[in-house]
Amino acid sequence: MDCGVITSKSVLLLISLIFWAAGAGLAYVGSYVISTSKIYDPFLQDQYVLLPAAIIICVAVVMFVIGLIGCCATLRESQVGLGIFLFIILLIFIAEVSAFVLGFIYRSKVETDFREPLKHVFMAYNGKNSESHVIDYLQEELQCCGVSNYTDWIGSRWYNTSGNHSIPASCCKQVFMKNCTGQLSEPQYLNTEGCADKMVSAISSVLSYAMLVVLGFAIVKFFGMMSVCVLTCRRDDGYDRLHSGVFA
């Protein structure tokens, strides 16, 4: 058995093991993107942000099965098994590249897709509906207030009906909760930064992280395809393959 074959088989066995770890990693990334997107769901005009995450999770599910197929096909050097393995790796490679491209495209649309819907939701805030609870959560967690800044609350439904022209308590700084009345005349007690920039930064960071992970796995798949080609294209120079088993 020549050095190229040994190296190729070692690479494929390693990749088969990596498939399980990669599946777990991709499942985590996809789930994290979806769970993060749910927080911002009221502000999304389209749901295509979930498409890359859905593709990632689908890829993760099949990876666990593919790892087993890869190990068996590599150890037995089955032409059929290696051919199936190559085809599956190619499909996953295409899916990962697609997820990377979609993530790159959506990342550039995050700000434009968020800002306008965010303004409408803030204007309709009444402190009781589900959108209001999401806004309170965001303002408390991100320590922000309003869309661009805390003065965005002027003219809103809440501001005009509160009776004292105050803004929601979720705008108050945590350390000043007891003294904060929500009055715009007391900005020292308020989080004055807007939520839009912080939300865009958070979503962009998640997408960038997901894209880097997908790109890394796509590179691994590329080397895997090269190794399969080495094994399937080599001449049978006195080396006895095992022809038993499901991949024979």
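The values are calculated or read from the model by the stated rules, or taken from the named source; none is laboratory data. Remember, predicted model here, so these are calculated numbers, not experimental data. Positions of Cβ are backbone-derived with ideal geometry, glycine not excepted, and every protein chain shown enters the neighbour counts. To get the accessible areas, we keep the full protein, side chains included, count just its heavy atoms, and leave off ligands, DNA and RNA. Shrake-Rupley method; radii C 1.70, N 1.55, O 1.52, S 1.80 Å.
Select from segment 99-109 the residues that are open to solvent by 50 Å² or more (accessible area, probe 1.4 Å) and either free of Cβ contacts under 8 Å to residues at least 12 places away in the same chain or of a type outside the set (D, E, K, R) (or both) and list them in ascending order.
PHE100, VAL101, LEU102, PHE104, ILE105, SER108, LYS109
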Study note, to complete from the structure: Flagged pairs (Cβ under 6 angstrom, 6 or more apart or on separate chains; first in segment 111-134, touching a residue at least 12 places away in the same chain (Cβ under 8 Å); second small (Gly, Ala, Ser)) are ARG115/ALA196; LEU118/ALA196; MET123/SER156; TYR125/SER132; ASN126/SER132
Study note, to complete from the structure: Over segment 170-184, the set of residues free of Cβ contacts under 8 Å to residues at least 12 places away in the same chain, assigned to a loop (DSSP other than H, G, I, E, B) and either within 16 Å of TYR137 (Cα to Cα) or of a type in the set (A, V, I, L, M, F, W, C) (or both) is MET177, CYS180
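For segment 21-49, enumerate the residues that are open to solvent by 50 Å² or more (accessible area, probe 1.4 Å) and either outside any helix (DSSP H, G or I) or at pLDDT 75 or above (or both).
Within segment 21-49, the first condition is being open to solvent by 50 Å² or more (accessible area, probe 1.4 Å), and the residues that meet it are 21, 24, 28, 31-32, 35, 38-39, 41, 45, 47-48.
The answer is ALA21, ALA24, TYR28, SER31, TYR32, SER35, GLN45, GLN47, TYR48.
Results for (1) open to solvent by 40 Å² or more (accessible area, probe 1.4 Å); (2) out of contact with any strand residue (DSSP E or B) (no Cβ under 7 Å at 6 or more places or on another chain); (3) farther than 17 Å from ALA196 by Cα, shown as yes or no for each residue.
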| residue | (1), (2), (3) |
| --- | --- |
| PHE122 | no, yes, no |
| SER130 | yes, yes, yes |
| GLU140 | yes, yes, no |
| SER148 | yes, yes, no |
| TRP153 | no, yes, no |
| SER156 | no, yes, no |
| ASN160 | yes, yes, yes |
Point to revise | Single condition PHE223 does not satisfy, out of (1) assigned to a helix (DSSP H, G or I); (2) farther than 30 Å from VAL5 by Cα | key: (2)
